[in-house]
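Each reported figure results from applying straightforward, stated rules to the coordinates on display, with no laboratory input. Note that the structure is predicted; figures quoted are calculated from it, not measured. Don't worry about glycine lacking a Cβ; one is built from the backbone with ideal geometry, like all the others, and counts go over all protein chains shown.
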Amino acid sequence: MDKHTELQEQWEVLSTKIRGLRKAIATEPNPTHKLNYQRELEEAERERSELEEKIDFIQEDRIIFPLKGSNNEVHCVFKDWAIIGRSPTCGF
């Protein structure tokens, strides 16, 4: 596996984790669990941000759809493939 593929996979894993944590925060009734999810989310977002700074292909090889939801997240679709749908596991 080349370095770009490895980095892209790491970015995708973090993005999936972030989507899952956002969903968990929105649906969790227990305030303590919600706070723990929020902390995990902040850490995952920080890790993804640091990863984005390290890899060129995220800056060069993407199409950005500036769609903003309630959390102001920007969705991106990589040029090689993307899964589009409503599931939290979808890329767009």
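A few notes on this one:
- Note: relative contact order over segment 3-59, using C-alpha pairs below 8 Å and six or more positions apart, is 46 percent.
- Contour excess over end-to-end distance, with Cα ends at residue 33 and residue 83 and 0.36 nm allotted per residue: 15.0 nm
- What you get for segment 3-59, charging only the Cβ of Lys and Arg (+1) and of Asp and Glu (-1), is a dipole of about 320 debye around the Cα centre.
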